[in-house]
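Peer 1: The structure is given below, and queries will be raised subsequently.
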Amino acid sequence: MPTQPFFRPRPSPLRMRPSARLPSSAGRVVGAGLVLAGLFFGGMTAKDMGYANGRKGDAGTLTVQDCRTQFDRVGSSRHRYAPPVVTCTGTFRDDREGRGHLDDGGGREDEGGRGGATVEDATVETGAKFEPGKQLAVQKTDHEFVIIDGQWIRQSPAIVCVSVCALVAGVFCLLTGFGARRGPKFRNAWRGVPGGTAVRAVLAGTGCLAALGAGAVLLIDGIV
């Protein structure tokens with residue numbers, strides 16, 4: 001009896017093993033989110049540090065006249081409000097008031113009258129209410145007044161360091177696809193970083209320095 005030839009069915013292209021690009025793509029999405037978060041929070045904090053610690057803008061004193069709490073609606077219901085915003089209004093006086101002309105460092109005096117500026121009805125966001133007559137240390141920027149918060153000044157470098165850590169983690173996820181649920185394991189992803197040892201050294205060094213910086217700032221802030 002003639003034997004029938006044995007035919008092995010070919011696997012359908014649609015039933016082949018799942019593509020490995022999905023976990024990698026998901027990991028890169030996570031990395032992109034970390035990079036954006038690190039750039040946003042780190043950049044905003046670094047930008048505002050100059051005003052809050054007195055290095056940018058015009059330092060002065062705001063004498064409180066009135067403080068108000070404002071509730072902003074966030075939904076259709078009248079009972080849904082955002083967290084309250086407390087602002088205080090008063091008279092701002094530049095710390096250079098009464099000094100007359102200012103020397104610009106080159107032997108010339110500033111005739112523009114920047115020194116001694118007084119602003120009536122100046123408003124600053126304080127986060128807490130103060131009694132009338134209370135004097136607050138603030139910075140006058142080009143567009144607003146910023147209260148000088150000593151605690152925020154001490155903690156802002158830690159925020160920048162944590163943002164750098166997020167940035168480094170995001171770059172690592174972007175390069176390797178790590179971070180997805182079914183993505184590569186950390187050891188495999190670490191070994192597969194494009195650029196080899198040099199890139200791994202940069203990522204590890206930057207991340208470790210940023211983490212140590214954040215820990216040192218928080219430790220010092222806790223002691224102080």
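The values are calculated or read from the model by the stated rules, or taken from the named source; none is laboratory data. It should be emphasised that the depicted structure is a prediction, and the values quoted were computed from it without experimental measurement. A quick note on method: Cβ atoms are made from the backbone with ideal geometry, for glycine too, and the neighbour counts reach across all protein chains shown. Only protein heavy atoms, including side chains, enter the accessible area calculation; ligands, DNA and RNA are left aside. Shrake-Rupley method; radii C 1.70, N 1.55, O 1.52, S 1.80 Å.
Peer 1: All but one of (1) assigned to a loop (DSSP other than H, G, I, E, B); (2) of a type outside the set (Val, Ile, Thr); (3) closer than 24 Å to Phe40 by Cβ; (4) open to solvent by 50 Å² or more (accessible area, probe 1.4 Å) hold for Leu212; state the number of the condition that does not hold.
Peer 2: Failing condition for Leu212: (1).
Peer 1: Of the conditions (1) aliphatic (A, V, I, L, M); (2) touching a residue at least 40 places away in the same chain (Cβ under 8 Å); (3) in contact with a Phe, Trp or Tyr (Cβ under 7 Å, 6 or more places away or on another chain), Ala211 clears all except one; give me its number.
Peer 2: (3)
Peer 1: Ok, one more. Please go through region 124-144 and give me each residue that is part of a strand (DSSP E or B), at pLDDT 85 or above and either open to solvent by less than 40 Å² (accessible area, probe 1.4 Å) or farther than 15 Å from Asp58 by Cα (or both), ordered by number.
Peer 2: Scanning region 124-144 gives Val124, Glu125, Gln135, Leu136, Val138.
Peer 1: Can you name every residue in region 193-208 that is open to solvent by 50 Å² or more (accessible area, probe 1.4 Å) and either over 30 Å from Gln155 (Cβ atoms) or in contact (Cβ under 8 Å) with a residue 60 or more places away in the chain (or both)?
Peer 2: The answer is Pro194, Gly195, Thr197, Ala198, Arg200.
Peer 1: Further, regarding this structure: Residues of region 168-192 being at pLDDT below 95, surrounded by 14 or more Cβ atoms within 10 Å (Cβ to Cβ) and farther than 15 Å from Ala26 by Cα, which ones?
Peer 2: Answer for region 168-192, where residues must be at pLDDT below 95, surrounded by 14 or more Cβ atoms within 10 Å (Cβ to Cβ) and farther than 15 Å from Ala26 by Cα: just Trp190.
Peer 1: Does Val35 satisfy the criteria of being assigned to a helix (DSSP H, G or I) and modelled with pLDDT of 80 or more?
Peer 2: yes
Peer 1: Test of understanding: among Gly207, Gly183, Gly179, which residue is under 23 Å from the mean Cα position of the chain (by Cα), part of a loop (DSSP other than H, G, I, E, B) and not hydrophobic (A, V, I, L, M, F, W, C)?
Peer 2: Result: Gly179 is the single residue among Gly207, Gly183, Gly179 that is under 23 Å from the mean Cα position of the chain (by Cα), part of a loop (DSSP other than H, G, I, E, B) and not hydrophobic (A, V, I, L, M, F, W, C).
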